[in-house]
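Taking it in order: structure first as structure tokens, then the write-up.
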């Protein structure tokens, strides 16, 4: 029951600048902190109780003065990443979650409609609503920087292959394929909603890959273009329910030449959902159903494996991220699944 | 970071009726549950992951069917009390907390203004905004039933005493004083904003205590009427900052005859705020600052003790609630402090 209050009390201490003030100068009183951040000393003291309890901030018993405790040891880059994520939870989730049950009942993100009058997914809203873009933009950037290099190290692209990047709308996946998996004759096609074509082609031009890359517009639930050696499904199967994922996998199967390879990047639940070290069940259902698309959700690796087999694939390789590279605050545990088209 | 999502995932499972369906019939599939509550089976499965993780619900590995686990052992009355509290957190706090930092900066409940266009405290809003009343009403009722009998057992009222119930607006405190502390010549005065007089007098009539009880209108920050043997401060000193509490205590001091008694009912922080068994620092600052009054907060018992001494009182007795009577889900730890006017 104290989940929302714990989260916002901590966030408010950053938002008001209390932590920043203590980073600049140790040993401040509540009165000094109140003056520094424009709040009543009584309120500063109230908010800091939780941070003292958690050992983030220390309070001198004799003088009542505050200094950073555990927070003093957090590197600037780690803190920035965590604060970006917390800002997303506050702006992109806290109020939206009020409508979680409605979102589940209707299969749509009711919170976006109630807050912004927007009908659609968070991805679509980010293009139109400044508030949503501000909450998600920096996060998407962090994600891309942290995840894509590892993703592209996790599989091979044969020389001269034809690669299809499904839902590769802004062209970034195709561009990185050229940069990191380049070979003579390599051709990459980004597939997405037709509305994204112009921006995608501009990005291809700007990155000097226009000759190797092309764009095909369409709906992944209908069909995909054919004749490919590699199909990439990056970060979106978890935004779909089972029936939709099976449709996507079957369409990908048809898009591949015999022996062709599908590469799926997705977060996965642990095989035993009761694993207390894994926080994905604590976060993702509410996030995906209540804040992002109103349907879908993570699956276990074994579930994706059986769905791939059901759709005519044989799993050849699974890469999990080197735990040494995963920051302690990360909720998400992603895998890259490579599978070959059978028969 | 998973606090808001954990809270709302659990709440949505009750809100949608998933738990209720499992209470009626064990061993249901996600498809059967989805049909029962009007949601897609995929979404039901996603939400239930957390409840399985927490051991609230069990899932049969072979069949995938769900049954209540720990939730099966929760008594109906306990569940109702917890759900009332969770409903208050959802409706009365979740979205309001988005504005916590603004509320702290301005010393007002910005969330009530943003959500309902209401300027004032949650107590005032409950009188005018149906949403707020629906969230807080049942809780206030539960609180009164659980706390008041214990409160009145915690101190003595001399026979024939004159009692002042500060901020006793609806007359309930005065009525209970007559019923539980009655004696020949006992007189009780409820003091509150003049606007509450009519309702208070109606309640005195209805309960047959009109002859012993009266109402005086005024502002506790200005002054209180004089000539009393006992002054009751029930449940509101924690809604004020230090300077205001000192003003209230000084006014109460003046209202008492020499040797008169002040009785303070308030939740208190543990003496060591880092006590991990106590959740009040996790909850109350965000609740009081962000959702109720925009100022104030709990104090430690030792703080109230020193403030009482500073205002001319000597603490004679402190009663904490018998832990056997405190439900395991209770966040609040209240005390009753009795003190005598010195000199």
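Which whole-angstrom value gives the distance between the alpha carbon centres of the stretch B:197-227 and the stretch B:76-139?
Spelled out, the Cα-based centre of one part sits 28 Å from the other.
Distances in nm, one decimal, shortest first, from residue B:193 to the same residue in every other copy, taking the label point 7 angstrom along Cα→Cβ.
4.9
Please state the equivalent ellipsoid semi-axes for the stretch B:204-304: what are the square roots of 5 times the Cα gyration tensor eigenvalues, largest first, in whole Å?
Taking √(5λ) for each eigenvalue gives 29, 16, 14 Å, largest first.
Is the stretch A:42-92 rounded, prolate or oblate when judged by the Cα gyration tensor, a ≥ b ≥ c being the square roots of its eigenvalues, rounded requiring a/c under 1.5 and prolate requiring a/b larger than b/c?
In terms of gyration-tensor shape, oblate.
Using Cα pairs closer than 8 Å and at least 6 residues apart in sequence, work out the relative contact order for the stretch B:196-290, in percent.
Over the stretch B:196-290, the number comes to 27 percent.
By how many degrees, between 0 and 90 and to the nearest 10, does the Cα long axis of helix B:301-310 differ from the longest principal axis of chain B?
For helix B:301-310, the angle is close to 20 degrees.
If the viscosity is 1.002 mPa s and the temperature 20 °C, what translational diffusion coefficient in µm²/s does Stokes-Einstein give for chain A when Rh comes from Kirkwood over Cα pairs? Kindly include the intermediate steps, with their values, before the conclusion.
Details: Rh = 22.3 Å.
The Stokes-Einstein estimate is 96 µm²/s.
Using the scaling law 2.2 N^0.38 Å as the reference, what is the normalised Cα Rg of the stretch B:48-127?
Dividing the Cα radius of gyration by 2.2 N^0.38 Å gives 1.62.
Any idea what the residue B:134 label distances to the other copies are, label 7 Å down the Cα→Cβ vector, nm, shortest first?
Label point to label point, same position, other copies: 3.1 nm.
Report the residue of chain A with the smallest Cβ-to-axis distance, using the rotation axis that brings A onto B, in whole Å.
A:3, 1
Across peptide A:237-244, how many C-beta atoms of other chains are within 10 Å of each residue C-beta, on average?
So the per-residue partner count for this stretch is 2.
If only Cα atoms are counted, what is the Rg of the stretch B:258-332, and what is its Dmax, in Å?
14.2, 42
How are the alpha carbon pair distances in the stretch A:291-343 distributed across 10 Å bins from zero to the largest one, expressed in percent?
With 10 Å bins starting at 0, P(r) equals 20, 40, 32, 9, 0.
Using only atoms on other chains, find how many Cβ atoms lie within 10 Å of each Cβ of peptide A:81-89 and report the average.
Values: counts 0, 1, 0, 0, 1, 1, 0, 1, 5.
Average neighbour count from other chains, rounded to a whole number: 1.
Need one number: % antiparallel among DSSP beta bridges in the stretch A:137-341, to the nearest 5.
Looking only at bridges with both residues in the stretch A:137-341, the antiparallel portion is about 40 percent.
Could you tell me what percent of the DSSP beta bridges with both partners in chain A are antiparallel, to the nearest 5?
45
Bin by bin, in steps of 10 Å, what percent of the Cα pairs in the protein assembly as shown do you find, going until the bin that has the longest distance?
Over the protein assembly as shown, the share of Cα pairs per 10 Å bin runs 3, 13, 21, 21, 17, 12, 7, 4, 2, 0, 0 percent.
Rounded to the nearest 500 deg cm²/dmol, what is the calculated helix-only ellipticity per residue at 222 nm for chain A, with -39500 (n - 2.57) per DSSP H run of length n ≥ 4? Mind showing how you got there, number by number?
Values: 14 runs with 151 residues, N = 343.
It lands at -13000 deg cm²/dmol.
In the protein assembly as shown, what % of DSSP beta bridges are antiparallel (nearest 5)?
Beta bridges within the protein assembly as shown, antiparallel portion: roughly 45 percent.
Using a Debye calculation, one point per C-alpha and no hydration shell, please list log10 I(q)/I(0) for the stretch B:164-239 at q = 0.14, 0.16, 0.19 Å⁻¹ in order.
Debye output, listed in q order: -0.39, -0.51, -0.72.
Rounded, prolate or oblate: which fits the stretch A:1-160 when a ≥ b ≥ c are the square roots of the eigenvalues of the alpha-carbon gyration tensor, with rounded for a/c under 1.5 and prolate only if a/b beats b/c? It would help to have the intermediate numbers written out before the result.
Numbers: a/c = 2.74, a/b = 1.54, b/c = 1.77.
It is oblate, given that a/c is not under 1.5 and a/b is not larger than b/c.
Going by average Cβ neighbours within 10 Å, how do the peptides A:92-104, B:52-64 rank, with the highest at the top?
Highest to lowest by the protection proxy: A:92-104, B:52-64.
Restricting things to alpha carbons, tell me how big the stretch B:1-71 is in terms of Rg and Dmax, in Å.
11.1, 34
Which distances, shortest first and in nm, link residue A:76 to the matching position in the other copies, using label points set 7 Å out along Cα to C-beta?
6.2
Using only the Cα atoms of the stretch B:115-228, what semi-axes does the equivalent ellipsoid have when each is the square root of 5 times a gyration tensor eigenvalue? Give whole Å, largest first.
27, 17, 13
For A:107-115, what's the mean count of beta carbons from other chains sitting within 10 Å of each residue's beta carbon?
Whole-number average of other-chain Cβ neighbours for A:107-115 is 1.
Where does the stretch A:137-341 land on Rg/Rh, using Cα atoms and the Kirkwood Rh?
My calculation of the ratio gives 0.95.
The numbers here are math on the coordinates, done by the rules we state, and not lab data. It should be emphasised that the depicted structure is a prediction, and the values quoted were computed from it without experimental measurement. In this analysis, Cβ positions are derived from the backbone assuming ideal geometry, glycine residues included, and neighbour counts consider all displayed protein chains.
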